[in-house]
1. For region 491-538, calculate the relative contact order in percent as a whole number, restricting contacts to Cα pairs under 8 Å that are 6 or more residues apart.
2. Accessible area of GLU457, 1.4 Å probe, to the nearest 10 Å²?
3. Consider all pairwise Cα distances in region 740-789 and report the whole-number % of them above 13 Å.
4. Under 1.5 on a/c is rounded, so check that first for region 425-532, then, if it is not, pick prolate when a/b is larger than b/c and oblate when it is not; a ≥ b ≥ c are the square roots of the alpha carbon gyration tensor eigenvalues.
5. Taking a threshold of 27 Å on the Cα-Cα distance, which of the pairs LYS728/LYS755; LYS531/LYS715; LYS111/LYS351 fall above it?
6. Find the accessible area per residue for region 536-692; the probe is 1.4 Å, ligands and nucleic acids are left out, and the unit is Å².
7. So how exposed is GLU349, as accessible area in Å² (1.4 Å probe, rounded to 10)?
8. Rounded to the nearest 10 Å², what accessible area does ASP331 show when all protein chains are kept and the probe is 1.4 Å?
Amino acid sequence: MATNSSSSSGDRNNPETRQQLGPKKVKQKEPLRRLKTRENRSKRGDVHGPSTVYVQVVGAGSRDNPASLYVFSEYNRYLFNCGEGTQRLMQEHKLRAARLDNIFLTRLSWKNVGGLSGMILTLKDTGVPECVLSGPPQLENYVNAIKSFSGPLEDIKLSVRPYTDEAHSDDTMIVYQVPVFAQSGGPGRRLSPRSSSPPRSPVSPKKDDMDSNSRGGGPRSPGERRTMNRDTSLVVAFICKLHPKRGSFLVPQARELGLPVGTAAIGPLITALKSGQSITYEGKEIRPEQVCTPTYPGPIFIVVECPSDEFIKGVCTNQQLRRYQTGGTEDPAMLVVHMTPESVLKTDEYKEWMERFPSSTEHLILNEQVSTDHNVRSHKIQAQLNMIHPEIFPELSSSQSKEPQAALHVLNVRAECLLKFQLRPVMEWQRDAIPSCNAEEFVQEASEVPNFLEEVEKCRKICSSDAAEPSGPGEKYPEVVFLGTGSALPMKIRNVSGTLVNISPSQSILLDCGEGTFGQLCRHYGEDVNKALSKISTVFISHMHADHHTGLLNLLYQKERAMMTLGKELSPIYLIAPTQIMTWLNQYHDCCEEILSHVNFVSNTFLCDRADPPTQRTSSLIKAFLKKNDLQKFQTCTVRHCKNAFACSFTHHSGWKLAFSGDTMPCDGLVHIGRNATLLIHEATLEDGMEEEAVEKRHSTTSQAIGIGMKMNAKFIMLNHFSQRYAKIPLFSEDFNDRVGISFDHMKIHFGDFKILPRLIPALKTLFAEEIEEMEERRGKRELRELELRQPRGSSADANNELKLSGALAAAGRGAKRDQEASATNDVEAKRQKT
């Protein structure tokens, strides 16, 4: 059989593929999984272009959920930008990360990379072998910086593909990176709306002065190097072109031409013809167009961020983007995704640039003017808990921007969470996946739970007849708001650690600040989030695990914005944290964005008993934050978790005392500093019966946490930091009493609520009866397996144990699917906690 090539791909000869301003990197070996998938497709003759491709909104660009896109094909998965909360949304809405090996970043801004460290850890824990980050060259520095708290990341191969490298091409599409530079400013200058002045030049902590604040002037050594690697004048746009989809093989026409349809010999012939090659069969030449439908060209979509006025000219005059507009040298874009604020959309220059695309081009806009619900499961559980006690479980709010939308002259679509634009097989918008958030439906669903309404009524009668004790003058304060009560990684019901203590109408302390803490503040306070931010004067970080501190930078940036909006002067936050946090903050400051001027740093070690005397500067900072918060004392102690992990307690001048465990096994040091606390907030990561696993992961069980509270004579104990296997409610132990409560995200309590909190438990148990039953079945299976392992085979009790075990396994069948989901979550969580 002779063949003649009749087509060739022109994509590889595109000039954009040749933009290599740096050395060409060695091409990495592909993962075995991908090679096997491609081999199987090749056997089927399916070697060109996927059949299904769509672009889907994850975060629509609201203040609490920054803009991010998920691109799906049956061959690959991609993510464009990864702000805080992206991982949580993907988990809630079942957007799988297991095959996500390419993440594209438009700009090295916390808004775009705030969730990247957590996402990388999750990809590592789920077994993704390699992930490539494309975008600004400084991403290399960012990856090095996150290793200061994530560890070496040896189980995942991380690499950076800067815009200076060749275009990325895989089984789905080819992606060209297009650099766009701001027209004013330069390296080291912030061009974002957060600040209009150059950053200060803080000194990094020296070995003999690690306790001192890392802010302020002073000599620099070696040289003024600190901001040389930072470049906020660059954004990267992405031009994505799908590979052509070969036409279908026409069986009737092939039969008429005598081809061996239905035999093994037809496979290679189909492959050649669908690849655009003519063949000769039994002396007859057969051309592709005789037996195949035409090839479908690969549609193009563009992702562009224009974050501020300084970038408008760079975007609108860019010649590479111009090629895909009307009159350009390439096929016009089918979709342009604009991650662009309303202030830029309103400018005449940007409007005219949008109008230069043909009328067939669709425009998708992601910014703070969107109106959509992202975290539906949070709203659902809060609406149901609100039925039990409306003050302790307040309804969630949404913070909508009041800025009017730009009057654009092209048809455009405003982003909504899970909105899809399908590129193949049919080009169309798809809205069927957009989540519905209807509080009435959530309440109705809870009302149908057997006996729930009866328990709610009993609870209300008890609470009204047994009114809350006053906690003294100004009983509204202190007020404790639980923003994140889960462990390890953010999930749809429980976010990671964050607890806000509102000490007075004007001052608040934040205890830990995991990823997404600011988003939780937005959903809790709604339009009043700026006021809530303005009151936070002090942040305590217990240790350097990612689920306890990676929300800090966003909190600092958002507080700066809040103070500017409220017309108030910005003062640095007092940051009480392990010394090691400054390694991370210094590296991010040096290579990414200015941050050090936002904090006055005090090392946790200087607040421990018998600590070395602090420097004069640190001593003055300690006195200042105590006075600011009207505190008599603030103590820390090391705890039994990872290295440099701390708990804290603080005593108010009015006499109340609060102790916070951070992450720890039972710890006598905490008992000491928390002695006679009014409230102890203690982690209870695992249920009773899992003491061995608790030791392995260096956490506490429920009864161990309660035991510490009793030992320190705490007036009341709130349990939190639950394993994500207890997504809705933890299992209760026999040690629960009228001095113990369990925390939920967005729960708000006062000291006067201590008598009420235990009375809520019957209603909570009824609402989550199904989940409790399934958890108890899992516990029963685990206990029987442990018993079987301890019992010698062939003993008299062996047969009885096997009967019990088989019965437990059969009973657990009802929750098999949920068990699978829980197991997957637990595997990732277990790996994260071990790390």
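1. It comes to 36 percent, rounded to a whole number.
2. 90 Å²
3. In whole percent, the long-distance tail amounts to 69.
4. oblate
5. LYS531/LYS715
6. Solvent-accessible surface per residue comes out at 34 Å².
7. Estimated to the nearest 10 Å², GLU349 gives 80 Å².
8. 90 Å²
The values are calculated or read from the model by the stated rules, or taken from the named source; none is laboratory data. In this text the structure is predicted, and so the values were computed from the model without any measurement. Ideal geometry is used to build each Cβ from the backbone, glycine not excepted, and the neighbour counts take in all protein chains shown. Remember, those area values only see protein heavy atoms, side chains included, never the ligands or the DNA or RNA. Shrake-Rupley method; radii C 1.70, N 1.55, O 1.52, S 1.80 Å.
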